[in-house]
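Below you'll find the structure, written out as structure tokens, and then a few comments.
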Amino acid sequence: MFLAAVSRLPPLQFIEEFFPDPVASNDDRTTAQTLCKDLPSSSEPTFACYKEVDGNKLPGYTFLPIHEKHGSTEKNRVWAAAWPNSHLPPREYVTARPTRSHLDPIHLCHAELPIICDCSEDSYCSNPLYEAGIDVDLDEAQQRVWDEILAAVFPIFRYQQRQFCYAILFNEDSAYVLRVDHVGIVYTSMCEYKDDATKLFEFLWRFAHASPAQRGWDPTAEFVPHDSDLGLRMRRRADFDKNLGPPGDYPHGAFEHSLKADWPWFKLTIGAGDSRREFLVGAPYFQRSGNVLEGLMSTGYVALAIDGSGDGSGDSNSVPEALVYLKDVWRATNHGCFWEGDTLERLNAAGVPYVPTLLCHSVVEGQTSLSSRLWCQAYRRWNRNTHPHLEHYRLVEQEVAAPLQTFKDSKALLHVLKCGITAHDQAMQIPLLHRDISEGNLLIWWNPDSGKYQGLLADWEHATNFTPETYFEGEPILKLGTSHFAAMRVLYTDEGERTAEDDLESFFHILLWCAIHFMDSNVQNIAAFLQGYFFDDRIHAPTQFPKSYRCRCIEEGKIRISSVGGAAGELRFATPPSASGGAPDVRPPHRKPTYDHPIDGLIRDILQRLHDYYMVHEGRQEHMPDSAPFSARALIDLLDHAENDPNWPSGDKRSEDRSPPDFKPERGMRPAEQRRMLPDDMPLPSKTGERPVGDSDAPPAAKRQRRG
């Protein structure tokens, strides 16, 4: 389904809308007709198309074909873009025989105006911009060209600080100029440049004379050459107390890692006037994957504050400049959510523990998504679930925390979860509801005051007051957050609002996610378990039938992994060899694992409480057992008891993730028969499946399937 906000303008209106005629001489305007050639037939259509705009048509720039080297059996990829004459890419790529595989990000950070060429036989029919709009199904050829457009503009957004970018699509004897932002595309109607290219080259001339902001660059971001004073300042900070050592050096190590020689560095500004602050960043610490038009774009940096937090001299006796976490996001303005900085300010003022400390935040003035507004004007339609209006927003937090997957062992994992639930519970006293509890939003931070690791519940961008008054237009918003960890009620209900119990359920799914990934268990088909439990549902899917594996586990109150009866058919985790005097990840030869880890009892207890909660919620049970409530306080007590259990084994985290390295979840609805099957009743992948060592209780997965 085609869901981008796409609208069309006549070429001259497009030019006047985005590039008012600059005050400049017309002497360098080249007569378009004398520069047009026939589009040659070529096995490398992009190379042919770039010639159409080569020469003097873009003063100050050079259009170059880039040849990227592929494997010996594959053709080299050829694409084209414009570079400022002062920042041309290396010559070894501007040749039909490249010596290296691809351009580095440091070279791509100056590219502009990528060219997309569709010279296929069905090119006219496959133009995905032709009468494109909301709820349009693209055929295979249209989808191919649409993917080429996204592939061409993706590096521009990934390696540059961009509000939007322009591109040119060639299609037979026609051309289209595209303006791409984080929500959609505004494009010109067809320019038949072979008959009259005046409009196309008028755009190119004005583009060349436009300001960087008019061309889509973010004026609050400044490129930092690696050998400049600011670049050297970043390197000095990375070298400061380099041998500080664990455990408190995670921010330093993350910052040093971000100073990649092949990646562009930037100075980012937040605020204006007396509140203006500046930060230096290298490669992203976190960057949301996906294509440009998926909506909210989020990037995180370990940043160096350069506005008085230190002297930057690099002297061993000086105070080092602060390393902080900077979040750069294009956030929706029409989902009834607060600015995340305002939420953190309230949490900090209320003394809520285990949440980030706000340093500063600000909307980047004047930077909003234009394509959604123009689409609404063109089609006179809008709803909040299709094309959100986005604004550019930056936030800085004091803590630089590590991802949850770096937990030491299961005890440390339980402590982090306990911290997260405590933060969530105390935030509800304000009352603020998080609404996006996920593995990526629960972090681990070394607290220098206590000298211990603790959990940190981050990413409060979807949080709202737990009162109807703050909902968008007075309506509740249920379908928010990360579907992998969403509550069953959220996945299978279309009405109502998130509740505290929905968020608490997500903490349980996080516990199971981490345990499956990093602890030994009797699950043989890890890929099938992950797909069925975490990826078979989508928050925005209107109907999902049959219900997913996760939902069946909650309804049954147990996690069955195969059709084998008894304990062998249920999920169990192995006690590590270190519990019997062995070393972690080292098992004596021929010794079978013992599936009696105490985490099994904890998972069963929480799952049974969750099962009873749904029985009461759906009216099939009168009330929750008094001895086993499903509440924040009850979960905190359970985790605290487990954490302080002297018999709880240590060293039970694997050094490697159990999930297959090439596992990619299926995004569409799987066939009903696959959704119904239990994980170990499905055939193991031929190469990437992993079996637990010596599990004599259960026959191989393929045999169990044949028995059924």
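Output the residues belonging to the range 429-453 that are crowded, with 19+ Cβ neighbours inside 10 Å and in a strand (DSSP E or B).
Passing the criteria: Leu432, Leu433, Leu442, Leu443, Ile444, Trp445, Trp446, Tyr453.
Pull up the range 171-189, narrow it to residues that are modelled with pLDDT under 80 and under 37 Å from the mean Cα position of the chain (by Cα), then point me to the one that is surrounded by the fewest Cβ atoms within 10 Å (Cβ to Cβ).
Within the range 171-189, the subset modelled with pLDDT under 80 is 171-173.
If we keep only those that are under 37 Å from the mean Cα position of the chain (by Cα) as well, we get 171-172.
Values: Asn171: 22, Glu172: 16.
Only one residue tops the list, namely Glu172.
For the range 1-98, list the strands (runs of 3 or more DSSP E) that sit wholly inside it and hold at least 1 residues that are open to solvent by less than 30 Å² (accessible area, probe 1.4 Å), under 30 Å from Arg373 (Cα atoms) and modelled with pLDDT of 70 or more; which are they?
5-9, 77-84
Can you pull out the residues in the range 407-428 that are open to solvent by 10 Å² or more (accessible area, probe 1.4 Å), part of a helix (DSSP H, G or I) and under 24 Å from Asp600 (Cβ atoms)? Quick ask: steps written out before the conclusion?
We begin by selecting, within the range 407-428, every residue open to solvent by 10 Å² or more (accessible area, probe 1.4 Å); these are 408-409, 411-412, 415, 418, 422, 425-426, 428.
Next, from what is left, pick out any that are part of a helix (DSSP H, G or I): 411-412, 415, 418, 422, 425-426.
Once the filter is applied, which keeps residues that are open to solvent by 10 Å² or more (accessible area, probe 1.4 Å), part of a helix (DSSP H, G or I) and under 24 Å from Asp600 (Cβ atoms), the range 407-428 yields Lys411, Ala412, His415, Lys418.
State whether the residues of the range 362-379 include one that is among the aromatic types (Phe, Trp, Tyr) and at pLDDT below 75.
yes
Scanning the range 454-468 for residues that are part of a loop (DSSP other than H, G, I, E, B) and closer than 21 Å to Ala632 by Cα, which turns out most open to solvent (accessible area, probe 1.4 Å)?
Initial filter on the range 454-468 (part of a loop (DSSP other than H, G, I, E, B)): 458-463, 466-467.
Subset that is closer than 21 Å to Ala632 by Cα: 458-460, 462-463, 466-467.
Values: Ala458: 6, Asp459: 38, Trp460: 1, His462: 33, Ala463: 0, Phe466: 80, Thr467: 47 Å².
Only one residue fits best here, namely Phe466.
If I filter the range 284-309 down to residues being surrounded by fewer than 18 Cβ atoms within 10 Å (Cβ to Cβ) and of a type in the set (Gly, Ala, Ser), which single residue comes out as modelled with the highest pLDDT?
Ser298
Would you please name the residue that is farthest from Ala221 (Cα to Cα), looking only at residues in the range 74-110 that are among the charged types (D, E, K, R) and out of contact with any Asp or Glu (no Cβ under 9 Å at 6 or more places or on another chain)?
Glu74
Could you tell me which of the residues Leu268, Leu344 is modelled with pLDDT of 90 or more, in contact with a Ser or Thr (Cβ under 8 Å, 6 or more places away or on another chain), under 25 Å from Arg498 (Cα atoms) and not basic (Lys, Arg)?
It is Leu344.
Exactly one condition in (1) at pLDDT 80 or above; (2) over 22 Å from Pro679 (Cα atoms) is false for Ser578; which is it?
If we test Ser578 against (1) at pLDDT 80 or above; (2) over 22 Å from Pro679 (Cα atoms), just (1) comes out false.
From the list Glu202, Glu112, which residue is at pLDDT 85 or above, under 22 Å from Trp83 (Cα atoms) and open to solvent by 20 Å² or more (accessible area, probe 1.4 Å)?
Glu202
For the structure I just gave you, tell me whether Ser174 is of a type in the set (Ser, Thr, Tyr) and within 24 Å of Ile66 (Cα to Cα).
Answer is yes for this residue.
With the requirement that a residue be open to solvent by less than 30 Å² (accessible area, probe 1.4 Å) and either closer than 20 Å to Asn348 by Cα or in a loop (DSSP other than H, G, I, E, B) (or both), what does the range 394-406 give you?
Listed by number, the residues that qualify are Arg394, Leu395, Val396, Glu397, Glu399, Val400, Ala401.
The values are calculated or read from the model by the stated rules, or taken from the named source; none is laboratory data. Keep in mind that what you see is a predicted model, and the values were worked out from it rather than measured. Glycine also receives a Cβ, built like all others from the backbone with ideal geometry; neighbour counts cover every protein chain displayed. Surface areas here come from the heavy atoms of the whole protein model, side chains and all, with no ligands, DNA or RNA. Shrake-Rupley method; radii C 1.70, N 1.55, O 1.52, S 1.80 Å.
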